[in-house]
Amino acid sequence: MPDHGYREIYRDTGDGGVQLGASADRWYLYEDHVHLAPQHSAGRLMRFDAELLPFVDSLDRGALAVVDMQNDFCAAGGWTDRSGLDYQACRSAIPGVQRAIDAARRHGMFVIWIYWHNRPDLRNLGAPTLHSFKHRLDQAGIGEQLERGQVLTAGSWGAEMVDELKGHLTDDDIHVEKVRMSGFYGTHLDQVLRTQGIQTLYVCGVNTDQCVSTTVEDAYFRDYNPVVIADATATSSPAYCKDAVLFNTKQCWGFVTTTEAFANPQPYRKASGS
């Protein structure tokens with residue numbers, strides 16, 4: 001009879017671990033790390049430092065998601081700036097995003113650019129989404145006109161990537177246009193990840209507590225493995241908002257790491273009892 005033990009949730013792995021999940025989607029939980037791909041006995045298995053625990057995964061299963069690094073969020077004269085919010089706080093993510101992109105390319109991972117590109121006629125947006133960004137009569141909302149064009153509208157200056165990241169774009173990158181906070185809602189992101197065999201999504205960008213967090217949560221709901229790169233995310237909200245996202249990510253949705261740890265994982269060599 002064939003051994004179907006891999007179908008048993010919480011089974012003893014026989015080497016000091018406990019199986020989470022079943023079949024090809026299983027993880028192995030050990031005292032000092034989590035193995036996200038125990039069915040991969042060869043290839044580019046690496047150990048990443050992270051919270052709450054380090055994790056092991058194959059580089060071939062990962063991709064970097066860069067969320068909303070657009071002028072309207074991160075540039076002087078953009079929507080965040082013109083709304084009186086702290087656009088400089090959003091700009092603080094730029095160096096970390098640059099480091100994360102460079103690391104992803106060294107790892108041979110896809111870079112996925114996720115960003116707002118709304119229709120000029122706004123027919124893709126309902127009242128709840130419009131109200132999320134227009135709470136006062138004198139506040140410019142999505143699609144309304146500022147000095148440099150319509151807010152977060154396809155073809156506008158505000159919807160472009162910030163200048164500091166334009167040189168990091170390549171023809172091999174994947175672009176996902178969205179019309180809600182989450183990078184998954186109403187987009188082809190899920191199909192891209194599944195067809196390319198990507199299971200672990202490393203996420204950076206802005207705003208940590210809005211478009212980054214909803215993308216991470218939706219990845220988690222779809223049984224992807226989300227990893228937030230903390231020093232490559234930022235928000236114009238108060239600091240406690242980012243702190244809450246990082247806390248919930250490592251406690252519930254996935255893992256939290258840094259650009260240094262993402263760039264420098266260690267080859268995984270299975271030891272006795274791990």
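The values are calculated or read from the model by the stated rules, or taken from the named source; none is laboratory data. Everything numeric in this text was worked out from a predicted model, so none of it was measured. Here the Cβ is made from the backbone with ideal geometry for all residues, glycine too, and neighbour counts use every protein chain on show. For accessibility, only protein heavy atoms count, side chains too; no ligands or nucleic acids. Shrake-Rupley method; radii C 1.70, N 1.55, O 1.52, S 1.80 Å.
Where q = 0.14, 0.26, 0.28 Å⁻¹, what log10 of I(q)/I(0) comes from the Debye formula for the stretch 9-59, counting one point per Cα?
With no solvent term, the Cα-only Debye profile gives -0.32, -1.04, -1.15.
Size of the stretch 206-266 along its principal axes in angstrom, Cα-based, largest extent first?
Its Cα atoms span 35, 26, 17 Å along the three principal axes.
Using 0.36 nm per residue of separation minus the Cα-Cα distance, give me the extension gain between Leu20 and Glu260 in nm, one decimal. Walk me through the numbers before you get to the answer.
On the way: separation 240, 0.36 × 240 = 86.40 nm, distance 2.81 nm.
Extending this stretch completely gives an extra 83.6 nm.
So how far apart, in nm, are the two label points at Leu29 and Ala140 if each is 7 Å from Cα heading toward Cβ?
It works out to 4.8 nm between the two label points.
HN-Hα J couplings of the stretch 182-190 from phi, Karplus 6.51/-1.76/1.60, θ = phi - 60°, integer Hz, Gly and Pro as x?
Rounded to whole hertz, the list is 6, x, 9, 5, x, 10, 9, 4, 4.
Quick one: order Trp157, Trp116 from most to least accessible surface, probe 1.4 Å.
Details: Trp157 45, Trp116 5 Å².
Final ranking, largest accessible area leading: Trp157, Trp116.
Run a plain Debye calculation on the stretch 192-233 (Cα atoms as equal point scatterers, no solvent) and give log10 I(q)/I(0) at q = 0.30 Å⁻¹, rounded to two decimals, same order as the q list.
The computed values of log10 I(q)/I(0) come out as -1.04.
Working out 0.36 nm times the residue gap between Phe221 and Asn248, then minus their Cα-Cα distance, what length gain in nm do you get to one decimal? Display every interim value, and only then the final one.
Details: separation 27, 0.36 × 27 = 9.72 nm, distance 1.39 nm.
Fully extending the segment from Phe221 to Asn248 adds 8.3 nm.
Among 227-237, 30-40, how do they line up by average Cβ neighbours within 10 Å per residue, starting with the highest?
Numbers: 227-237: 25.7, 30-40: 17.7.
Sorting 227-237, 30-40 by mean packing, highest first, produces 227-237, 30-40.
Measuring from a point 7 Å past the Cα of Arg44 along Cα-to-C-beta, which residues in the stretch 103-133 have an amide N at less than 11 Å?
104-110
In nm, to one decimal, how far is the Arg119 label point from the Arg7 one, both placed 7 Å along Cα→Cβ?
Going by the 7 Å Cα→Cβ label model, 4.7 nm.
What does the extension gain come out to for Val192 and Glu177, with contour length at 0.36 nm per residue minus their alpha carbon separation?
Numbers: separation 15, 0.36 × 15 = 5.40 nm, distance 1.26 nm.
Net length gain for the segment: 4.1 nm.
Write down Rg/Rh for the stretch 74-179, rounded to two decimals, with Rg from the C-alpha atoms and Rh from the Kirkwood relation over Cα pairs.
On the way: Rg = 15.2 Å, Rh = 15.1 Å.
My calculation of the ratio gives 1.00.
Mind listing the long-range amide H neighbours of Val34? Cut-off is under 5 Å, sequence gap 5 or more, other chains count too, H placed in the peptide plane at 1.01 Å from N.
Phe55, Val56
What residues have an amide H closer than 5 Å to that of Lys178, excluding those fewer than 5 places away on the same chain, when H is modeled at 1.01 Å from N in the peptide plane?
Distant-sequence amide H within range of Lys178: Tyr115, Trp116, His117.
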